[in-house]
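Here's the structure, in structure tokens; my notes come after.
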Amino acid sequence: MRQAENEMLTRVGAGTPAGELLRRYWHPVAMAAELTEEKPIKPVTLLGEKLVVFRLALGPGETKPRYGLVAEQCQHRLASLAYGRVDCEGIRCPYHGWKYSLDGRCLETPPEPSDSKYYREIRQPAYPVQKLAGLLFAYLGPQPVPLLPRWDALAREDGKRWVTVESVIDCNWLQPMENSVDPSHLYWLHGYAFKSGHLEAHMAQYQEKHEFIRFEYGIMKRRITPGKKPSDAPMIDEHPLIFPTALRHVSNEIRVPLDDTHTQVYRVNFIPSATERSPADEDPPHEYRPLKTPEGEYFMDIVSAQDSMAWETQGPITDRTREHLGAADRGIVMLRRLLREQIEIVQKGGDPMGVIRDPAKNKIIHFDVINERIGVSRAAADSGASVEAS
């Protein structure tokens, strides 16, 4: 890969090819439960932009809070809004009291003359925020705003939901996403090296086969593992990369590009149940999981920390000009080509893969229905194989 192409696929700032593509999607910026009446503002970074997410105070007749996301620096003298105040109308700068609405309109400029109309021209960069499964999702792209996808792990209510927020990963977003279509690492990294995967115990030697199937939301990855005995049916493990930043398997992993060299992972877990319910508009339990010690040592007994080690040690942004790809890297090549293709679609003014605008397609997007549509589950059933999630 040429260095210019590596830059094109990895950089996330406004105006960059990948950055403009990523701005066509919703990304989580915080857990809603992090914003309270006592502490309603949190500074965040998303796609290289320094922002603050905030929760408005309840106004007359309101029963549920509203949320906003604006640029961190006030338009007046560039002081941080992270130390500001909120009321039921908007967020106020701590320095001189300028106040902004959810859509970035300047509502008040207290030090200015009472008859001044100057503030009417001021706009604070602001972005829409929606809450789903306890996460606050933000959209940084152009109008019209697409629908927030209601994936089953996020929107189903007939079961138990909880969220794990991992410590920030010190590398570019594309390294975790390439890992999503790199199934051979399961045997070696999580099995052979650190004895935490099921395949290393199942196979005396590595002998997997892999398939990659493009579908409307991304790439379906299928791992085919021979049975322990020649007469045993193979195991088939299949789960999709949801383009551009999610992986669906046991949990729904959302990899958030904070900036060019930092990525935040949210893991939304959901287990169907006949007795438990998790309303999609309520805050599920959540926990924070560090992947390294304060000294930088990885917790190698945690599978996601093993992944983090492999991603971070490739460098803050992998120098893909130095790679030597092989046949096992077909999924990675497929993802890079898909990424280039979708960048070109955006550059020509189109909607990229997976952008949803039809409400009829967004009631709940069921993973099993997608499997049936692309024939993955049918293939597994026809082979007599068991299906396992890694």
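The values are calculated or read from the model by the stated rules, or taken from the named source; none is laboratory data. From a predicted model like this one, the values you see are computed outputs, not experimental measurements. So basically every Cβ, Gly included, is an ideal-geometry build from the backbone, and we count neighbours across all protein chains shown. Just so you know, the surface numbers come from the protein's heavy atoms only, side chains and all, with ligands and any DNA or RNA stripped out. Shrake-Rupley method; radii C 1.70, N 1.55, O 1.52, S 1.80 Å.
Which whole-number value in Å² is the accessible area per residue of the chain, probe 1.4 Å?
Spelled out: the 1.4 Å probe surface of the chain, per residue, equals 47 Å².
Where Lys and Arg each count +1 and Asp and Glu each count -1, what net charge lies around ARG156 among other residues with Cβ under 14 Å from its Cβ?
-1
Carbon-plus-sulfur fraction of the accessible area of the chain, 1.4 Å probe, in percent?
Heavy-atom surface of the chain belonging to carbon and sulfur, 1.4 Å probe: 51 percent.
How many angstrom lie between the C-alpha centres of the stretch 131-187 and the stretch 258-293?
What the calculation gives is 9 Å, centre to centre.
At ASP232 and GLU121, where each label point lies 7 Å from the Cα along Cα→Cβ, what is the point-to-point distance in nanometres?
With each label placed 7 Å out from Cα toward Cβ, I get 7.4 nm.
Could you calculate the FRET efficiency of LEU107 with VAL303 from 1/(1 + (r/R0)^6), where r is the beta carbon distance between them and R0 is 51 Å, rounded to 0.05?
The formula returns an efficiency of 0.60 here.
How far, in degrees from 0 to 90, does helix 303-312 lean away from the longest principal axis of the Cα atoms of the chain, to the nearest 10?
70 degrees
As I understand it, the value is the acute angle between the Cα axis of helix 330-347 and the longest principal axis of the Cα atoms of the chain; what does it come to in degrees, rounded to 10?
30 degrees
Hand me the tally of lysine pairs in the stretch 29-155: alpha carbons under 23 angstrom apart, and the pair either on different chains or 8 or more positions apart.
13
For the pair HIS96 and ARG77, how long in nm is the line joining their label points, each one 7 Å along Cα→Cβ?
Roughly 0.7 nm, to one decimal.
Stretched out fully, how many nm does the piece from HIS185 to ARG277 gain, at 0.36 nm a residue minus the Cα gap?
Difference between extended and current length: 29.6 nm.
Once you list every other residue whose beta carbon is under 9 Å from the beta carbon of GLU49, what net charge do they have if Lys and Arg are +1 and Asp and Glu are -1?
-1
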